[in-house]
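As structure tokens, the structure follows; a few thoughts come after it.
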Amino acid sequence: MLGLFKWDLHHSLPDEPEQRLRAVHLLRAVAFAFGPGLPWLNTWPLVASAIADEEDRYQDEDIVWLLGTRLGGYLVTDVVDGVTVYRLFHDDLRNILREQWRELLNADPEHEEAE
């Protein structure tokens, strides 16, 4: 699954390493949520900023951006007590984003063999 997600990340955001890092930070925040998922309001941007180790780096517009990309398709939504929560669609993806996230940001998978 690592290779497939890495391929999708690089092809969804080609020639945009900063945007790939942004997407990985935002998805990693969700990867640390357990149970039904991570609520957006007052939580998701704060967790993503903490993961990036930069206070107030991420805001609501970053979440809107992610959900508007095809990478938003890796998220499942649910409603708990009237609050929309987000979680990753598969536990393997959660483990990759928690433990192997730096590998996702390496060179484009199609060009790794050529380099």
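Some observations on this one:
- All conditions in (1) under 13 Å from the mean Cα position of the chain (by Cα); (2) open to solvent by less than 60 Å² (accessible area, probe 1.4 Å) hold for residue 3, with the sole exception of (1).
- The single residue among 52, 23, 33 that is free of Cβ contacts under 8 Å to residues at least 40 places away in the same chain and among the hydrophobic types (A, V, I, L, M, F, W, C) turns out to be 52.
- For residue 102: the one exception among (1) open to solvent by 60 Å² or more (accessible area, probe 1.4 Å); (2) outside any helix (DSSP H, G or I): (2)
The values are calculated or read from the model by the stated rules, or taken from the named source; none is laboratory data. Everything quoted here is computed from the prediction, not taken from an experiment. Every residue, glycine among them, receives a Cβ derived from its backbone with ideal geometry; neighbour counts consider all protein chains shown. Please note that ligands, DNA and RNA were not included when accessible areas were found on the heavy atoms of the full protein model with its side chains. Shrake-Rupley method; radii C 1.70, N 1.55, O 1.52, S 1.80 Å.
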